[in-house]
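The block underneath contains the structure these notes are about, expressed in structure tokens.
Just so it is clear, none of the values below were taken in a lab; they were calculated from the coordinates. Small disclaimer: the values here were computed from a predicted structure and weren't measured. As a convention, Cβ positions derive from the backbone with ideal geometry for all residues, glycine included, and neighbour counts pool all protein chains shown.
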Amino acid sequence: MEFIGVMLALGAAYIIGSLRVLTQYERGVVFLLGKYNGTRGPGIGLFPLLLVRMKRVSLRIVALDVPAQDVITRDNISVKVNAVLYFRVSDPALAVMEIQDYLYATLQLAQTTLLSVLGQVELDELLADRKKVNDMLKLIIDERTEYWGVEISAVEIKDVLLPDTMRRAIAKQAEAERERRAKVINAQGELQASETLAQAARMLSSQPASLQLRYLQTVTEIAAENNSTTIFPIPMEMFKAFMQRADDSVAAVTPAGAGRPPALAPSAIPMSPVPEIMLPKVRVTAEKKGKGERK
């Protein structure tokens, strides 16, 4: 009886030791006497000791950090690039039987692929079109890890470390580009302003009265500034009417066929007489001035 009790206890311990519990995100690759016997899903399962061996494989997405790599780009610029790799196991049986350590193998493959792919692109493309480079890396790595039962979710380049000289050169290039844009924008503004001024000039020339209104508006703006000296520009168009009347009066006085009268000499132009009231004042001032000089 004692022997039977011992055997029952050993049997119970063997059964309990053969029980395995798999979580929802795990799968168990079972080998019976060294031969593949299928993949078990989540839950509790009986795996006899010494006969059955089970390998747990996680199906969750793994974020693998790719160390910084010294890369020489296509335009012969040395940079340091690090990335992050996201992948998951799609076939647990292949991940266990086809590769010894799929984590280490995937990391090494990501490093070598990063060096080879970035050596084929230029620095400007690496900095400006990073999504294209990421897609290229993902496609190459996913194609090679497909036979390992590993599915690549994404490959993202985290940082690109440039030498100090290259950073200064890029800063100068960016500054020159900003100056070029500023000059182009300034030139475009001048062009638009000149076109608008030309259009305004055409509209003002078509309506002479609008020029007078503009003149009055300018005078109003100058008067509002409380300036001590005010200059009133008078356009020549305001004198056209007076010049036309003078020509008409000269044409009326001149006999027909006599032509225009000759221009008078400056000495022949009659001068207006000086008022007699002002003459004694001028003389008295001169006499007083002379007496002052004598003293």
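What is the packing order of peptides 109-122, 126-139, 8-21, taking the mean over residues of other C-beta atoms within 10 Å and listing the highest first?
Working: 109-122: 17.2, 126-139: 15.5, 8-21: 11.1.
So the peptides 109-122, 126-139, 8-21, ranked by packing, come out 109-122, 126-139, 8-21.
3J(HN,Hα) along segment 142-158, derived from phi through the Karplus expression 6.51 cos²θ - 1.76 cosθ + 1.60 where θ = phi - 60°, amounts to 5, 5, 7, 8, 5, 6, 9, x, 10, 10, 8, 7, 6, 10, 10, 7, 7 Hz, with x in place of Gly and Pro. Projected onto its three principal axes, the C-alpha set of segment 105-215 covers 89, 34, 19 Å, listed from the longest axis down.
Taking every Cα-Cα distance in segment 2-57 and sorting them into 5 Å bins from zero, the calculated P(r) comes out as 4, 19, 24, 20, 14, 9, 6, 4, 1 percent.
Rounded to whole Å, the principal axis extents of the Cα atoms in segment 1-128 read 85, 25, 22, largest first. Computed extension gain for residue 82 through residue 111, at 0.36 nm per residue and net of the alpha carbon distance, reaches 9.5 nm.
Of the listed pairs 80/132; 138/172; 132/183; 132/158, which have alpha-carbon separations greater than 23 Å here?
Values: 80/132 18 Å; 138/172 34 Å; 132/183 33 Å; 132/158 14 Å.
Beyond 23 Å: 138/172; 132/183.
For segment 76-146, the convex hull spanned by the alpha carbon atoms encloses 88 Å³ per residue.
Between amide H atoms placed 1.01 Å from N, distances below 5 Å from residue 121 occur with 74, all of them 5 or more places distant or on a separate chain.
Only four residue types carry charge here, +1 at the Cβ of Lys and Arg and -1 at the Cβ of Asp and Glu. Report the dipole size of segment 2-57 about the Cα centre in Debye, rounded to the nearest 20. All intermediate terms of the calculation are to be shown ahead of the outcome.
Working: 7 positive and 2 negative charges, 77 e Å.
Computed about the Cα centre, the dipole is about 380 debye.
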